[in-house]
Amino acid sequence: MVKVLLIEDDETIAFGIQTGLQRKGYEILWAENASQGIYLFHQGCDVVLLDLNLPDGNGYEVCRQLKKQSDIPILFLTVRDDEYDIVTGLDMGADDYIVKPFQLSVLESRIRAVLRRSKKEDGKRLSCGNLLLDTERTTVFINDKAVSLTAGEYRLLLVLMENKNYTLTRTRLLEKLWDQDGAFVNDNTLTVTMKRLREKLGYPSCLQTLRGIGYRMEEKQ
């Protein structure tokens, strides 16, 4: 059974999330504030749902503390939909950002997505829509037809596919590309490489641009 830690001070929202997820077979730990949430975190959980505005602290700081201790997935739940807030949360390590109000089915889908990613399942063949990336052969296919990519385009696609259903800000994407290649990748290079990658892949619908934020490789439901 998946154990979810919900850190949410609004009792009505917390009750709705608890009831809905419990019906789906999840175990819920509920904390009404930051200090209680950090305490319950040490009792063990699989994923954290974290409100940004808490009575005794800031969700950003809670996220920072938890990420220092574990790489357990964290999803922000908040009414704040400002671009700056979203980018700040994602850049500090949050795995997703869901703006209230939201449908329970959407929340559950996001939870399943981050859990799949955290399990780090066999990554030899990564797929999304009609795209297939074979890491052993370093080959990309569209509808079973091989596509020729440069080394930079391949690395960019690999990072996106490895983080499928995750939003990657441009900052985090640049950091990941630098980590893989060991060389500096600037913002302009990322823009040009992304443009060429889209063209070669035939502008796939699963590769989404979040204007002002970053990119997301998302499997259509």
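Sorted by accessible area with a 1.4 angstrom probe, largest first, how do 141, 15 fall?
Highest to lowest solvent-accessible surface, that is 15, 141.
Through the Karplus equation 6.51 cos²θ - 1.76 cosθ + 1.60, θ set to phi - 60°, convert the phi angles of segment 17-33 into ³J(HN,Hα) values in whole Hz; use x for Gly and Pro.
Residue by residue, segment 17-33 yields 5, 4, 4, x, 6, 5, 5, 8, x, 8, 9, 10, 10, 10, 10, 8, 8 Hz.
Of the cross-linked pairs 145/200; 124/145; 176/200; 3/67, which ones have a Cα-Cα span greater than 20 Å in the structure shown?
Violating the 20 Å Cα-Cα cut-off are 176/200.
Please list, in order, the residues from segment 7-42 whose amide nitrogen is less than 12 Å from a point placed 7 Å along the Cα→Cβ vector of residue 70.
The answer is 29, 38-42.
Ignoring ligands, DNA and RNA, please state the percent of accessible area on the chain from carbon and sulfur, probe 1.4 Å.
48
Considering every pair of different Cα atoms, what Kirkwood radius, in Å, is found for segment 1-120?
Taking every pair of different Cα atoms in segment 1-120, averaging 1/r and inverting gives 14.1 Å.
Quick one: if you stick a label point 7 Å off each Cα along the C-beta vector at residue 22 and residue 99, how many nm between them?
Distance between the two pseudo-spin positions: 3.1 nm.
Quick check for you: which residues of segment 22-45 have the amide N under 13 Å from the point 7 Å beyond the Cα of residue 60 toward its beta carbon?
Within reach of a label on residue 60: no residues.
From the Cα trace of the chain, what convex hull volume per residue do you get, rounded to a whole Å³?
130
Once you've got the GNM for the chain with C-alpha springs shorter than 10 Å, pick whichever of 130, 58, 188 has the biggest mean-square fluctuation.
188
The values are calculated or read from the model by the stated rules, or taken from the named source; none is laboratory data. Everything numeric in this text was worked out from a predicted model, so none of it was measured. Heads up, the Cβs are rebuilt from the backbone with ideal geometry, glycines too, and the neighbour counts pull from every protein chain shown. Areas reflect the complete protein model, heavy atoms only, side chains present, ligands, DNA and RNA absent. Shrake-Rupley method; radii C 1.70, N 1.55, O 1.52, S 1.80 Å.
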